[in-house]
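Here is the structure we will look at, set down as structure tokens.
The values are calculated or read from the model by the stated rules, or taken from the named source; none is laboratory data. Fair warning: this is a prediction, and the values are worked out from it, not measured in the lab. We place every Cβ from the backbone using ideal geometry, glycine too, and count neighbours over all the protein chains shown. Heads up: the accessible areas ignore ligands, DNA and RNA and are worked out on the full protein's heavy atoms, side chains in. Shrake-Rupley method; radii C 1.70, N 1.55, O 1.52, S 1.80 Å.
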Amino acid sequence: TERDKMSENKSKAQEFTKEGKTVVCKGKACKYRGTETYNLALSDQRAQSVARELKKQGVPADHVKAFGVGTKEAHAQGATKDAHAKDRCVDLYTLSI
């Protein structure tokens, strides 16, 4: 479930921040719906939502960054609901700063 994923991500994020790394939340959007401006805002909202939840669960705020990329990194092909769902996500990365 999504709650299980967030709990797992929170645990990993806390480990990474103890190592001095920053957790980056990168939101994405489906390229087959809406304007690029709309999708950029939507993907940013997704990323900010995940970042807020990580912070709420105890990940240090100064080690969490979030941004959206809109449809620039869309991977799904086709116009099915399953294809669209693959790009409605937030990818998590770590950075050593």
- prompt: What net charge do the residues around His84 carry, taking every other residue with its C-beta under 12 Å from that of His84, with Lys and Arg at +1 and Asp and Glu at -1?
  reply: +4
message: If you wrap a convex hull around the alpha carbons of the chain, what volume per residue comes out, as a whole number of Å³?
response: 92
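Take every Cα pair under 8 Å in the chain that's 6+ residues apart, average their separations, divide by the length, and report that relative contact order as a whole percent.
Details: 179 pairs, mean separation 39.1, N = 97.
Result for the chain is 40 percent.
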- prompt: For the stretch 30-79, what is one quarter of the convex hull surface built on the Cα atoms, given in nm²?
  reply: 4.0
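Please give the charge dipole size of the stretch 1-69, origin at the Cα centre, charges +1 on K and R Cβ atoms and -1 on D and E Cβ atoms. Round to the nearest 20 debye. The partial results should precede the final answer.
Working: 15 positive and 9 negative charges, 17 e Å.
Dipole about the Cα centre, nearest 20: 80 debye.
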statement: Expected vector for the stretch 27-39, Karplus 3J(HN,Hα) from phi with 6.51, -1.76, 1.60 and θ = phi - 60°, integer Hz, x for Gly and Pro, equals x, 10, 9, 6, 7, 9, 9, x, 7, 4, 4, 4, 5
- request: Pull up all non-local amide H partners of Gly70: gap of 5 or more, or a different chain, and H-to-H distance under 5 Å with H placed in the peptide plane.
  value: Ala29, Ser43, Asp44
Computed [θ] at 222 nm, helices only, for the chain once each DSSP H run of length n ≥ 4 contributes -39500 (n - 2.57): -15000 deg cm²/dmol
message: Sort 47-59, 24-36 by the packing proxy (mean of other Cβ within 10 Å over each peptide's residues), most packed first.
response: 24-36, 47-59
- line: Averaged per residue, the 1.4 Å probe accessible area of the stretch 33-97, protein heavy atoms only, in Å², is roughly 65
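Measure off, as a whole percent, the carbon and sulfur share of the 1.4 Å-probe accessible area of the stretch 55-97, all protein chains present.
Values: 1550 of 2890 Å².
Carbon and sulfur atoms account for 54 percent of the accessible area of the stretch 55-97.
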- prompt: In degrees, nearest 10, range 0 to 90: what is the angle between the Cα axis of helix 2-18 and the longest Cα principal axis of the chain?
  reply: 50
